[in-house]
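To start, the structure under review is shown below, and the notes come after it.
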Amino acid sequence: MSLKDLKDVTYYDLNNEINIPVNGQIPLNKDQEALAAFLKENVQPNTKTFKTLRERFDYLIDNDYIEAEFLDQYSFEFVGQLYAYLKSQDFHFKSFMAAYKFYAQYALKSNDNEFYLENYIDRVAMNALYFADGDEKLAMDLADEMIHQRYQPATPSFLSAGRKQRGELVSCFLIQSTDDMNTIGRTINSALQLSRIGGGVGINLSNLRGAGDPIKHVEGAASGVVPVMKLLEDSFSYSNQLGQRQGAGVVYLSVFHPDIVAFLSAKKENADEKIRLKTLSLGITVPDKFYKLVRDNKEMYLFSPYDVEREYGTPFSYVDISKEYDNMVANKNIRKKKLMARELETEIGKLQQESGYPYIINIDTANRANPIDGRIVMSNLCSEILQVQTPSTVDNKQDYSTLGRDISCNLGSTNIVNLMASPDFGHSVETMVRALTFVTDHSDIDVVPSIQRGNHLSHTIGLGAMGLHSYFAKNHMNYGDEDSLEFTSTYFMLLNYWTLKASNEIAKERHETFYKFEKSAYADGSYFDKYLNDSDNFEPKSDKVKTLFKGIFVPSKNDWEALKQAIMTDGLYHQNRMAVAPNGSISYINDTTASLHPIINRVEERQEKKIGNIYYPAPYLSNDTMPYYKSAYDTDMRKVIDVYAAAQKHVDQGMSLTLFMRSTIPAGLYEWKDGRTDKMTTRDLSILRNYAYKKGIKSIYYVRTFTDDEDEIGANQCESCVI
């Protein structure tokens with residue numbers, strides 16, 4: 001039976017029966033029946049079999065399916081031992097969706113797409129052997145973490161490891177343009193090249209002069225950022241990964257840029273077709289000053305980046321607007337426009353209601369928490385990457401006269417439910433850090449030299465988490481209650497501690513630290529103040545949370561002090577270590593809920609191109625856990641913000657925080673509605689954005705709205721970027 005042939009199969013119909021209640025109950029048994037039928041009807045007859053492991057590897061190498069070089073680092077006896085261990089763990093998919101997603105998207109297939117050439121154990125083995133780089137102990141440790149689904153590499157890493165014909169190990173990038181035609185041209189070319197290799201690209205346009213600014217002293221000559229945005233959208237559409245999917249990009253602009261209104265208007269449904277952006281995502285960087293001007297109902301000034309750069313000698317993004325705002329207002333050499341801050345706030349809310357955009361980056365919040373020398377100026381397609389960058393300059397030959405530093409995202413995720421059951425939490429995290437370190441060490445994106453340089457100097461990784469709502473439900477905690485906040489804070493404190501410890505060990509082993517470590521808050525020890533001065537705030541207090549962490553090492557003040565001294569002495573290898581991605585299909589394979597946000601439905605309906613609708617029951621769903629699985633759309637978003645804020649205290653980068661709103665808000669869901677059932681307004685979104693800002697949230701990803709017509713707005717995630 002061809003992999004494309006859906007005749008004479010029962011698994012699709014069995015899965016769809018989950019959506020038909022039986023005596024008022026969800027027939028969860030149908031999911032297990034669908035899983036068994038899928039393995040029997042689809043996987044078993046379509047999997048190429050081999051008599052021995054040696055025969056299998058010889059076939060895959062001889063036919064250019066996998067690389068031979070990384071396998072040559074191991075004896076075949078060891079490879080056999082690793083396989084024997086993996087098989088002894090008796091791995092089984094727990095749901096139809098998990099098996100379907102793995103075989104549809106991740107399993108190696110024959111070139112004619114007729115046969116599966118690997119199962120889940122094979123893919124885990126490839127990852128373990130590839131990322132361990134010849135270290136047998138590390139390979140066994142990685143195999144152990146992955147077969148028990150405590151660790152999940154991001155999609156590009158998990159998918160590409162060991163394959164002969166593969167993409168890059170990373171697929172999300174951040175670049176920026178400065179205010180000259182050479183750099184703009186280089187930026188567009190970089191977007192084309194990164195999209196060609198399967199990447200999602202974040203681009204900072206805040207440094208570009210606004211519409212009407214002078215060019216070579218000719219007043220009114222500049223066209224502003226919108227035409228550049230159109231060029232970028234066309235670039236992503238053209239460079240579409242061999243026609244398989246559209247390229248994906250997001251452009252960021254400062255809320256104080258003079259083109260901000262035109263920037264937002266380009267995404268509106270009724271925008272003129274000449275300027276309307278259909279596929280390009282939008283994000284804005286928002287300093288503290290904007291929130292203050294909105295709160296005080298004041299006018300705000302928008303400043304010419306061209307003039308600001310001439311006055312300050314640095315691109316617009318690198319000027320602290322909150323600090324310099326009054327000076328810039330008073331400076332007669334800086335052209336400016338003005339409007340009411342609340343009018344712009346309303347425009348932001350309207351567009352979020354209509355499209356889910358723009359993403360919000362609280363740029364001063366991000367920089368206040370930044371322990372690295374330098375300035376964060378933007379984020380990525382999923383708003384969780386927040387790292388320092390330096391601008392490049394390009395000459396007339398399109399060569400770099402100054403090579404700056406840009407960013408590639410190197411991500412992996414812990415599965416919270418399974419990591420909490422690890423026999424050694426700290427060793428598990430260290431193993432994950434070493435796997436991610438291999439990826440950063442072997443990423444070499446030479447098509448964009450600024451990204452190549454940034455990666456080589458910073459060695460950044462981004463370990464995150466998924467399955468938080470699963471863990472809450474499984475342990476009878478309501479999303480956003482005090483116990484859930486305490487658990488979240490402690491869990492991410494542990495991730496922070498152990499990633500720091502692992503990075504310090506690697507720096508010690510290699511006698512190497514990230515670029516400019518000596519100028520960081522790690523080097524002078526100030527980063528650790530919150531743990532040394534307020535350590536009791538991050539240790540479990542309630543009996544329930546203490547029980548959850550029973551048997552798991554929780555660092556004391558003395559442990560933090562010892563780690564501080566070790567890092568001040570030997571440094572850290574990684575400039576950045578943690579980031580929480582939104583997760584995508586990879587969470588289904590792990591049979592867990594995505595990222596840190598609540599579920600959408602107890603039984604989720606997903607549209608799959610090849611077979612239609614698939615129904616996925618929430619992990620661990622039962623009569624016992626049902627009350628703890630409330631939909632995100634029926635949850636006060638302030639509780640979601642509270643949960644993310646509890647994690648953000650310990651995460652050095654950002655988190656993909658999505659807000660879920662109903663166009664008609666049920667009575668009593670939000671206190672500010674005074675118990676009325678009412679339509680969602682821009683005021684509601686403004687309240688939530690300000691609440692997130694006050695809670696220390698660095699970024700807000702999509703705003704997803706469930707309409708009266710049962711449609712979702714802003715629900716499409718970037719396939720290039722989600723883990």
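Just so you know, all these numbers are worked out from the coordinates, no wet-lab data involved. Predicted model, so just to flag it, every value in this text is computed and none were measured. All Cβ positions, even for glycine, are placed from backbone atoms using ideal geometry, and neighbour counts span all protein chains on display.
Calculated from DSSP H runs of 4 or more alone, at -39500 (n - 2.57) each and per residue, what is the 222 nm mean residue ellipticity of the chain, nearest 500? Write down the numbers at each step before the final one.
Numbers: 27 runs with 281 residues, N = 723.
Per the formula, -11500 deg cm²/dmol.
Modelled spin-label separation between THR52 and TYR691, with each label point placed 7 Å from Cα along the Cα-to-Cβ direction: 6.5 nm. Comparing Cα centroids, the stretch 190-234 and the stretch 397-447 end up 29 angstrom apart. Cross-link reach is defined here as a Cα-Cα straight distance under 12 Å, omitting same-chain residues fewer than 8 places apart; for LYS508 the aspartates and glutamates meeting it are ASP570. With coordinates expressed along the principal axes, the C-alpha atoms belonging to the stretch 172-407 extend over 51, 42, 42 Å, beginning with the largest.
Here the 3J(HN,Hα) profile of the stretch 287-295, calculated from phi with Karplus coefficients 6.51, -1.76 and 1.60 at θ = phi - 60°, is x, 3, 4, 5, 4, 5, 5, 5, 4 Hz, Gly and Pro shown as x. Under the combined filter of DSSP loop state and at most 10 neighbouring Cβ atoms within 10 Å, the stretch 528-576 retains these trypsin sites (Lys or Arg not before Pro): LYS550. Name the residue farthest towards the positive end of the dipole of the chain from the options ASN19, LEU339, ILE363, assuming +1 on Cβ of Lys and Arg, -1 on Cβ of Asp and Glu, about the Cα centre. In the chain, that residue is LEU339. The charge dipole of the stretch 172-407, taken about its Cα centre with unit charges on the Cβ atoms of Lys, Arg (+1), Asp and Glu (-1) only, comes to about 200 debye. Distance from the C-alpha centroid of the stretch 373-393 to that of the stretch 607-624: 37 Å, rounded to the whole angstrom.
Close amide H contacts of ARG405 (hydrogens built in the peptide plane, cut-off under 5 Å, sequence separation of 5 or more or a different chain): THR390. When DSSP beta bridges are restricted to pairs lying wholly in the chain, around 50% turn out antiparallel. Its relative contact order, with pairs defined as Cα atoms under 8 Å and 6+ residues apart, puts the stretch 275-377 at 41 percent.
Arrange the peptides 51-61, 447-457, 10-20 so that the one whose residues have, on average, the most other Cβ atoms within 10 Å appears first. Walk me through the numbers before you get to the answer.
Values: 51-61: 14.0, 447-457: 20.6, 10-20: 17.5.
The packing order, highest mean first, is 447-457, 10-20, 51-61.
Set against the labelled values (1) 1.01; (2) 0.96; (3) 1.07, Rg/Rh (Cα atoms, Kirkwood Rh) computed from this structure falls on (2). A simple charge model with +1 on the Cβ of Lys and Arg, -1 on the Cβ of Asp and Glu and nothing else charged puts the dipole of the chain at about 1360 debye relative to its Cα centre. Relative to the dominant Cα principal axis of the chain, helix 425-442 is inclined by about 70°. When each of the peptides 520-526, 199-205, 648-654 is scored by how many other beta carbons lie within 10 Å of its residues on average, the order from highest to lowest is 199-205, 648-654, 520-526. Relative to the longest principal axis of the Cα atoms of the chain, the long axis of helix 341-355 makes an angle of roughly 30 degrees. Cross-link reach is defined here as a Cα-Cα straight distance under 27 Å, omitting same-chain residues fewer than 8 places apart; for LYS541 the lysines meeting it are LYS474, LYS501, LYS530, LYS550, LYS557, LYS564, LYS630, LYS639, LYS649, LYS694, LYS695, LYS698. A crude spin-label estimate for the pair ASP441 and GLN565, with each label 7 Å from Cα along the Cβ direction, gives 2.9 nm. Against the empirical curve 2.2 N^0.38 Å, the C-alpha radius of gyration of the stretch 341-395 lands at a ratio of 1.44.
Within straight-line reach of LYS40, meaning a Cα separation under 17 Å, sit the following aspartates and glutamates at least 8 residues removed in sequence or on another chain: ASP5, ASP8, ASP13, ASP31, GLU114, GLU118. Net charge in the neighbourhood of PHE76 (other residues with Cβ under 14 Å of its Cβ; Lys, Arg +1, Asp, Glu -1) is -3.
For the stretch 439-545, GluC sites (Glu not before Pro) are listed when DSSP marks them as loop and at most 15 other Cβ atoms sit within 10 Å of their Cβ; the list is GLU512.
Report the relative contact order of the chain, percent, no decimals, based on alpha-carbon pairs under 8 angstrom and at least 6 residues apart. Intermediate results must be reported in sequence, preceding the final value.
Numbers: 1396 pairs, mean separation 100.9, N = 723.
The value is 14 percent.
Once backbone amide H atoms are built at 1.01 Å from N, ILE600 has ALA632 as its partners under 5 Å, excluding neighbours fewer than 5 places away on the same chain.
Model label points for LYS323 and PHE115, set 7 angstrom from Cα along the Cα-to-Cβ axis, are 6.4 nm apart. When the square roots of the Cα gyration tensor eigenvalues are ordered a ≥ b ≥ c, the ratio a/c for the stretch 59-98 is 1.5 or more and a/b does not exceed b/c, which makes its shape oblate. Can you grab the distance from the C-alpha centre of the stretch 525-600 to the C-alpha centre of the stretch 343-361, Å, no decimals? Here the two parts' Cα centres lie 32 Å apart.
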